[in-house]
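Reviewing the structure listed below.
The values are calculated or read from the model by the stated rules, or taken from the named source; none is laboratory data. Please read all numbers here as calculations on a predicted model, not as lab measurements. Please note: Cβ atoms are built from the backbone with ideal geometry, for glycine as well, and neighbour counts cover all protein chains shown. Only protein heavy atoms, including side chains, enter the accessible area calculation; ligands, DNA and RNA are left aside. Shrake-Rupley method; radii C 1.70, N 1.55, O 1.52, S 1.80 Å.
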Amino acid sequence: MSSRSLLAESDPHPVRAHPAKHASPFVLVSDHAGRAVPLALGDLGVHADDWDRHIAWDIGIAGVGHKLRDRLGATLIEQTYSRLVIDCNRAPGHPTSVVISSDGTTVPVNASAPADCHARRAHEILHPYHGRIAEELNAREGEPTALIALHSFTPVMGGVARPWQIGLLHNRDSRLTSIMLELLRAEGDLCVGDNEPYVLTDTSDYTVPLHAEARGLPYLEVEIRQDLIADEAGQCAWADRLARLLPIAWARFCATHA
Ligand SMILES: [Zn+2]
């Protein structure tokens, strides 16, 4: 890799870390919160209208993340750059780490970018983000901690409408997920997805396998449907709901697994 950097002085830092306001077991992370693009990459050849779509970022999740952080007082770590630049929930080098096409939209600059450019994106955008999460978790070593990964999903994919308002994704460690699924179903007004709309695996995900499963930390990977959190009122309602349920889930987890 050449030493020439991708990010310029005027480009935003790849990580936005908001410190905890008071003691909390929750560390909130948001891989797809931002849609910045390094100046050097222009618009990646993607039309302005497509930058408003779910392919560029997780619509609504930044608002939910900030409001949830306000309510819980917990740390929130967000990625600033668009998933079209590099997907921070994929291992570097994964076939969909730097996408050439996403939900019918081609990304011409990614298709023509040399491998060197992909490596620079990983080096300057993905690694600092995951490094910051690791730093946070290392500093909490020995403290009760749950990683809460926040995402949102498009209501219609490939012409198929998705019925779930919220889904929880899990793989080897389902301890906290099982409790939260039960609480969400007990709300009575929700269609709750269990490993829907996606299944969590070591290859389709990166953040939870790397930071939670590898460390043995309990976690939730939360997916909220984007039409429900497109505006401030929806974001507040979901932040309220999660801020109410998460401490109950945590108390039950501690009572069962402590
Ligand atoms: Zn996401």
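The table for this structure:
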quantity	calculated
Normalised contact order of segment 1-125, rounded percent, pairs of Cα under 8 Å and 6 or more residues apart	36 percent
Two-site FRET efficiency, residue 258 against residue 182, from Cβ-Cβ distance with R₀ of 22 Å, rounded to 0.05	0.75
Accessible heavy-atom area order of 118, 257, 13, highest first, probe of 1.4 Å	13, 257, 118
Solvent accessible area, Å² - residue 198, 1.4 Å probe, full protein context	90 Å²
Potential extension, residue 198-residue 251 segment - 0.36 nm per residue separation minus Cα distance	16.4 nm
Fraction of antiparallel bridges per DSSP, segment 15-257 only, in percent to nearest 5	40 percent
Length added when fully stretched, residue 101-residue 23, from 0.36 nm per residue minus Cα-Cα	23.9 nm
Principal-axis tilt of helix 232-257 within the chain, Cα atoms, nearest 10 degrees	60 degrees
Packing rank of 227-239, 40-52, where each peptide gets the mean count of other beta carbons within 10 Å, highest leading	227-239, 40-52
Heavy-atom accessible area order for 67, 21, largest first, 1.4 Å probe	21, 67
Inter-label distance, nm, simple model (7 Å from Cα along the C-beta direction), residue 8/residue 143	3.9 nm
Dipole magnitude (debye, nearest 20) for the chain, charges at Cβ of Lys, Arg, Asp, Glu	460 debye
Positive-end residue of 144, 243, 214, charge dipole of segment 15-257 with Cβ unit charges	144
Whole-number percent relative contact order across segment 15-257, with pairs defined as alpha carbons under 8 Å at least 6 apart	25 percent
